[in-house]
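Report on the following structure.
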Amino acid sequence: MAQLEKKLDSSLVARTTKSVSLTSAGEALLPHARKLLELVDRTPDVVAAANEGLTGRVRLGFSGPSTNHVVGFLAKEVRARLPGIQLELSSSLMSYVGLEQVLNGDLDIALGRWDALPADVESRVIGYEELVLALPNDHPLGDQDAISLRDLEKDNWVVLPSGPGASMPQRLHTLASRDGFIPRISHVAPDSATCMVLVASGYGVSLTQTSVQEHVYSPGVIYRKLDAEREDTELQVRLVWKREDQNPALAKFLEVSEQVQAMNGT
């Protein structure tokens, strides 16, 4: 006590030969001292919870409107099952950007679509989508239920940015190459919502996916199936994380995401 009083440069107790009582400074410090003692008593439990992944932080990146529904449901389940985990969300990240941020440590995990992934990440498929064509609603082929990519050889194309493993630009060039042409790129849109605005405005057509069709508001755009039976018209939606990440909270997050996936039958 004497050492504490010396450090604080204040008397905390008043001493007489018959009694010891708290000074006004001691009275002010008492409730805080009790809290400190309670925290000391709780320290083993706090550390154990962190080591078990019951508390901590997980930073998740995703592409925005086309995956909002997936992230929203997953975040709700994590909040209910792991209330001690702080889930930080970063939206409007293209898949290749999310992958880069996982690799450099800015994110713990990313949700997106990749056709190729580096060896130092782990991934799990959590869903599937189909490629579809987005056309302005006055397009000459708009009355067809399904359209061959070859029939759009002379059209301009609006695409998303290309990056390492990015599925959409790569799929367009792969499919077009099989049909014997190189797509004429008129605009590179920063995200799917902007891409659909450009399509609606007549700047070109676009290859996109069913989640954009279902979840991105796009007046003036019509969606049509690809008239082709090709295995690579299917898109895998994945979670990716760094293989050597030792974050216990991430491990618990992945455990819950797998349970949610099983619950949904995906």
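A few notes on this one:
- Of all the residues in the stretch 110-150, those that are without any contact (Cβ under 8 Å) to a residue 40 or more places away in the chain and not in a loop (DSSP other than H, G, I, E, B) number 1.
Yes or no, residue by residue, for (1) surrounded by fewer than 16 Cβ atoms within 10 Å (Cβ to Cβ); (2) of a type in the set (D, E, K, R); (3) closer than 17 Å to Pro65 by Cα; (4) modelled with pLDDT under 95:
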| residue | (1), (2), (3), (4) |
| --- | --- |
| Ala119 | yes, no, no, yes |
| Leu133 | no, no, no, no |
| Asp138 | yes, yes, no, no |
| Leu152 | no, no, no, no |
| Val158 | no, no, no, no |
| Arg171 | no, yes, no, yes |
| Tyr203 | no, no, no, no |
| Glu214 | yes, yes, yes, yes |
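- Of all the numbered requirements in (1) touching an Asp or Glu at 6+ places or on another chain (Cβ under 9 Å); (2) modelled with pLDDT under 90, Lys225 misses one, and that requirement is (2).
- Any chance Ser123 is out of contact with any helix residue (DSSP H, G or I) (no Cβ under 8 Å at 6 or more places or on another chain), closer than 21 Å to Leu250 by Cβ, of a type in the set (Ser, Thr, Tyr) and in the same structural domain as Thr67 (by TED's automatic domain parsing): yes
- Pairs where the first residue, in the stretch 84-95, is free of Cβ contacts under 8 Å to residues at least 24 places away in the same chain and the second is among the acidic types (Asp, Glu), C-beta under 6 Å, 6+ apart: none
- Residue within the stretch 204-212 that is more than 12 Å from Ala134 (Cβ to Cβ) and assigned to a strand (DSSP E or B) present: no
- Candidate set from the stretch 77-109 (those that are in a helix (DSSP H, G or I) and polar (S, T, N, Q)); member that is surrounded by the most Cβ atoms within 10 Å (Cβ to Cβ): Ser95
- Qualifying residue in the stretch 29-52 (condition: at pLDDT below 80, among the polar types (S, T, N, Q) and in contact with a helix residue (DSSP H, G or I) (Cβ under 7 Å, 6 or more places away or on another chain)): yes
- Against the test of being aliphatic (A, V, I, L, M) and either in a helix (DSSP H, G or I) or not assigned by TED's automatic domain parsing to the domain that holds Arg243 (or both), the options Leu74, Leu60 yield a single qualifying residue, Leu74.
The values are calculated or read from the model by the stated rules, or taken from the named source; none is laboratory data. Keep in mind it's a predicted model, so treat the numbers as computed, not measured. Neighbour counts are summed over all protein chains in view; Cβ atoms, including those assigned to glycine, are modelled from backbone coordinates with ideal geometry.
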